[in-house]
Every structure is written in structure tokens, then in C-alpha cells.
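**Q** Here it is, the structure in full.
The values are calculated or read from the model by the stated rules, or taken from the named source; none is laboratory data. Keep in mind that this is a model prediction, so the values were computed, not measured. Ideal geometry is used to build each Cβ from the backbone, glycine not excepted, and the neighbour counts take in all protein chains shown. Ligands, DNA and RNA are stripped out before the accessible areas are found, and what is left, the full protein with its side chains, is counted by its heavy atoms. Shrake-Rupley method; radii C 1.70, N 1.55, O 1.52, S 1.80 Å.
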Amino acid sequence: MSEGESASKPAPREWLAAGFKVLLGVGLMWGLVPVAGEARPIAAGWCGMIALMFLLHFGAFHLLSLAWRSYGVAAEPIMRAPAVATSLSAFWGERWNRGFNELAHELIFRKTCRRLGVAWAMLLVFLASGLIHDLVISVPAGALFGLPTAYFLLQGVGVLIERSRLGRRAGLNRGAAGWVFMFVFTASPAYWLFHEPFIINVMNPFLEAIGAL
């Protein structure tokens, strides 16, 4: 959106979609989590994290952006349907947590791109993201330091593979092949990001504190 251009007014269906995601998060948090928690604390922790994402990142933050847009402020939602991304680059660069992406692009990528080149500057962004996640995940959990950083460095490697000549020939940057590549790279090593000590020592006590467990 160009400078000075007013934001488009949100359509009623956008309000309904955002409200539905909030309700879905509430239902998962206080409906599914207690059921899973009776026998499977790890599964309960994962359900709680997914519920929290729907409740906050996909739901409440979307409602906030709609409220700002209603007053003419160009506040786009931070999540932009990441599940339909047809490439790993699009998932991390355009659809997942756009607020952090813009901040990292301005503070890290743009300042290092000319000196290091696009590939190394991009890997530096993923490294910074991994270190931040280690700080908020591994440090409070008191264990498995480095796994979140390794997760995000792997994502950077995946982007390099996708953008390589062989990756482009294989269609990893588009269509069904791109979606499968994106899903495998983001979901398969997710345990590195949200490891068991975090689930047991941080997430489950939080779920107990809010009455979900």
C-alpha cells in the first residue's frame, strides 16, 4: 500500500472469519486440551499451543487489524493463510508472522545483504530468529538449548534448496510440489522448535494456570 493511501474497510466476512478463529481457539483450549491431558500430557501441550495460535495469532490479532482498518489505518494481519503457501519462501517471507518478517528484513537483511550477499543475509535472519526462539523457549524450559536455532537454520537451508537450479526444476517453489516441500520442512522437525522440556516445564503449567488442564 502506498504512503497516504487509506486502508480498505474490512468486509463482514472478514470479521466472521476472525471471530471463528477465536472461537475455534477457545474450543480447542478448553474442550480438547482437558480430554488429551488426562492421559497424554505431551499431546495436551501441543493442542494447547495450536489453540493459543488460533486464539491469538490467527484470531485476536486479526480482529485488532480489522479494528484498525475500520479507522482507516493500514494494519494488515500478521498471519496470511500460511497453510496454503506453495513454497517455503512464501511461508516464511509472506505468510507467517509478517510483523517479525518486516522487522527482521529492515534490521538484519537490508543492513547485511550488500556485504554478505542474499543467501548469507537470509541465513543470518533465520539464525537471529532461532536465537530469539531459544531465548523464549529453551531458556525458560531449562533444557535442549540450540534446537530452536537448529530448526530455523534448517528452514534457511530449505529455502536455499528451493531456490537452487535443481529445486526450481523440481518445482519446489510452486504448486503441489512446493506445498509438500513447505509442509515437510516446517512440520517434520517441529519437535526441535517446541521440544519436550518446553511442553512439560512451560506449556503445561501455563495450561494448568488458565484452567485448561
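**Q** With a cut-off of at most 16 other beta carbons within 10 Å, and DSSP calling the residue loop, which trypsin sites (Lys or Arg not before Pro) in the stretch 68-118 qualify? Please list them.
**A** ARG80
**Q** Could I ask something else about it? Quote the accessible area belonging to VAL202 in square angstrom, nearest 10, computed with a 1.4 Å probe and with ligands, DNA and RNA left uncounted.
**A** Accessible area, nearest 10 Å²: 40 Å².
**Q** Could you report the accessible area of HIS133 in Å², rounded to 10, computed with a 1.4 Å probe on the protein chains as they sit in the structure?
**A** 50
**Q** Which sequence of THR112, THR86 reflects their accessible areas, 1.4 Å probe, from the largest down? The partial results should precede the final answer.
**A** Numbers: THR112 20, THR86 60 Å².
Largest accessible area first, the residues go THR86, THR112.
**Q** For the chain, what are the DSSP H helices with axial Cα length of 15 Å or more and mean Kyte-Doolittle hydropathy of at least 0.0?
**A** Numbers: long enough: 12-27 (22 Å, 0.66); 41-52 (16 Å, 1.61); 118-133 (23 Å, 2.06); 147-163 (24 Å, 0.99); 175-187 (18 Å, 1.67).
Span-like helices in the chain: 12-27, 41-52, 118-133, 147-163, 175-187.
**Q** Please give the calculated 222 nm ellipticity per residue for the chain, where each DSSP H segment of at least 4 residues contributes -39500 (n - 2.57) and the sum is spread over every residue; nearest 500 deg cm²/dmol?
**A** -16000 deg cm²/dmol
**Q** Taking the structure as given and computing Cα Rg over 2.2 N^0.38 Å, which label from (1) 1.11; (2) 1.27; (3) 1.43 fits?
**A** Among (1) 1.11; (2) 1.27; (3) 1.43, the one calculated here is (1).
**Q** Something else now. If R₀ is 25 angstrom, what is the calculated FRET efficiency for the pair VAL180 and LEU131, using the beta carbon separation as r and rounding to 0.05? If you can, show how the numbers build up before the last one.
**A** Details: r = 29 Å, r/R0 = 1.16.
The formula returns an efficiency of 0.30 here.
**Q** Sticking with this structure for a sec: Using the heavy atoms of the protein chains and a 1.4 angstrom probe, tell me the accessible area per residue for the chain in square angstrom. Write out the running numbers ahead of the final one.
**A** Details: 12000 Å² over 213 residues.
Heavy-atom SASA per residue in the chain reads 56 Å².
**Q** Name the GluC sites (Glu not before Pro) in the stretch 3-87 that are in a loop by DSSP and that have at most 14 other C-beta atoms within 10 Å, would you?
**A** Here the sparse-neighbourhood loop sites are GLU3, GLU5, GLU38.
**Q** Tell me, what is a quarter of the convex hull surface for the C-alpha atoms of the stretch 1-95, in nm² with one decimal?
**A** The directionally averaged projection comes out at 7.3 nm².
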